[in-house]
Structures are given as structure tokens and as C-alpha cells.
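Engineer: Sharing a structure below in C-alpha cells format, with a few things to ask.
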């Protein structure tokens, strides 16, 4: 989540299938560019340095990704649900040469805009498939099932995660893709009280034995709207050194694991396809600075 941006007629833009407007604009506060959808920044990309992860929750995802595999440079097999400006796929391509990545994105006009104005690195093994994220899982090559090192779910329609991407059934479909030590990372957006996030943690925990949360301390306490990264796996998550890194800033954060996660989700109802709802819509004032 980020600040609201004014329209600039010179920025490349396109109308999305859902009716919104996506544009690419130079970043105001750092190098690179931002993908802006309906006035709200959704992704940041620095073509000169794809390891530059500007948004806080993306930095936290990157910290977990750095610990996966046999070494920090070992190639990964990855599925991304939601494309944005392809920030994480670019990061993995730069830091994990030889990685094979599949991206599923609903908005074909968005993909075309990003490909034209923020092209992927030459030779990157990143395949983009157009379609619904959940339906797209069913159309992935059978050879991927049980072989993925990482699945990243970061899907928003407007400012909300669609309901059908929040259920236990959805998480089970992802679990079928993951290798035994594979990890799921989910961008969960929620506000004061964290009712949606608590249900997501409780739901993921019915599928994955290990669940952790990475977030700004004020967001994790339910004091303001923001992004929480849900990490889940069948095996112990590789997070030993994350607490020190997250606490160092520049935006202090923490990781909740074990008993703290269990307490966070205690009493929260499990989400099923029958009762799933979209994530809460943030107040528009959140993006004004």
C-alpha cells in the first residue's frame, strides 16, 4: 500500500479489464518506477537494480526468499499469483540465476503495459499466463506439482484480495504444488482488529504445519491498516536470522511464530469456499500524504 498519486498525461497508461486505470510513473522518492492502479502505487521496479525492493512488505518477502534452497544463489522453481510490475520475479531472476518462474495474472492490459515500458531482463525464464489465479493453478504443467520451492500469492482486484483466494480449499491447491520444503508467501492486507488476517492465519494453519507472520509492529498489533506477510510450509520455516534483520529497520518490523501465531489466530473461524469474503477495503485517506 502507498500514497495516492496525481495523474500525469505523459505517463504510459492503460485501461484495465475491470475498468480501472494502470500507469507507470517515475518514483517520487527513490530510483526506478512505480506501477500505479487507480491512483495507488502497487509495485516498484528499478530496471538498473532489480534487487532494489522498495515497498516494505516486498522487502520482507525478499528476506524469506533469500533463505530458501541449498544456498542463497541456488535456482528456484516458483509460481507467482498476481503479476503487478513483476518485482519479485525480477528479484529472483537476478539473485537466483537459472530459476524457472510461472506468473498468473488476470489483467492482460496490465501485463502488456509492463512488458512494453518495464521489459523483463533478456533471457529471464519467466512465463506469464493470463487468467484467474485459482483457475490458472489447474492449468500449470503437471510436472510442477510437488516440485515448487516457492509460491507467492499477491493478488488484488482494486484494493482487495478476491474471496476465492482466501479459503482452505485454495490453500490446499497451493500445498499440492509445493515441494516438501516449499514455502508459501501471501500478502495479507488488513486494518485495526485484524479480523481478516486472523482468519487467514487460522485457515492456512489447517493446511500447513508451520505458519509465521512478518509485519510492521504497529500493523501486527492491529493499530493501523497495512500489509502482513504470511509465510507457511510443511517444514520448519527458514527464519532464524529474520528477527534481528526486521528489527533493524529502517521500518522496524517483527516476525511472529509458534505460540504467538497460535494466540494471534485463536478463536478465528476457518475460511471455506462457502463463506469466503474479500479482504477489507482500505479507507481512501490511507493513501493521502
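Engineer: Can you tell me which residue among 191, 222 is touching a strand residue (DSSP E or B) at 6+ places or on another chain (Cβ under 9 Å), on the phi > 0 side of the Ramachandran plot and at pLDDT below 95?
Structural biologist: Values: 191 fails: on the phi > 0 side of the Ramachandran plot.
Going through 191, 222 in turn, just one is touching a strand residue (DSSP E or B) at 6+ places or on another chain (Cβ under 9 Å), on the phi > 0 side of the Ramachandran plot and at pLDDT below 95: 222.
Engineer: Being under 19 Å from residue 154 (Cα atoms), touching a residue at least 12 places away in the same chain (Cβ under 8 Å) and surrounded by fewer than 18 Cβ atoms within 10 Å (Cβ to Cβ) narrows it down to one residue among 44, 18, 80; which is it?
Structural biologist: 18
Engineer: Looking at the range 64-75, which of its residues are surrounded by fewer than 20 Cβ atoms within 10 Å (Cβ to Cβ) and either at pLDDT 95 or above or touching a strand residue (DSSP E or B) at 6+ places or on another chain (Cβ under 8 Å) (or both)?
Structural biologist: Across the range 64-75, the qualifying residues are 69, 74, 75.
Engineer: Separate question: Scan the range 83-103 for residues that are in contact (Cβ under 8 Å) with a residue 60 or more places away in the chain and not in a helix (DSSP H, G or I) and jot them down.
Structural biologist: 84, 85 - these are the residues of the range 83-103 that are in contact (Cβ under 8 Å) with a residue 60 or more places away in the chain and not in a helix (DSSP H, G or I).
Engineer: Of these, 47, 26, 12, 41, which one is over 26 Å from residue 178 (Cβ atoms) and in contact with a helix residue (DSSP H, G or I) (Cβ under 7 Å, 6 or more places away or on another chain)?
Structural biologist: 12
Engineer: A further question follows. Could you list, ordered by first residue, the pairs with Cβ atoms under 6 Å in which the first is in the range 117-131 and closer than 19 Å to residue 43 by Cα and the second is part of a loop (DSSP other than H, G, I, E, B), at least 6 apart or interchain?
Structural biologist: Qualifying pairs under 6 Å: 117/12; 118/85; 126/120.
Engineer: Still on this model: Quick one: residue 89 ticks every box in (1) under 19 Å from residue 20 (Cβ atoms); (2) crowded, with 21+ Cβ neighbours inside 10 Å; (3) modelled with pLDDT of 95 or more except a single one, so which number is it?
Structural biologist: So residue 89 meets the others, but not (1).
Engineer: Something else about it: Which of the following residues is touching a helix residue (DSSP H, G or I) at 6+ places or on another chain (Cβ under 7 Å) and at pLDDT below 95: 83, 133, 143, 159?
Structural biologist: None of the others qualify; the one that does is 83.
Engineer: Tell me, which strands (runs of 3 or more DSSP E) lie completely within the range 201-272 with 1 or more residues that are closer than 13 Å to residue 188 by Cα?
Structural biologist: Output list reads 210-216, 226-233.
The values are calculated or read from the model by the stated rules, or taken from the named source; none is laboratory data. Please read all numbers here as calculations on a predicted model, not as lab measurements. So basically every Cβ, Gly included, is an ideal-geometry build from the backbone, and we count neighbours across all protein chains shown.
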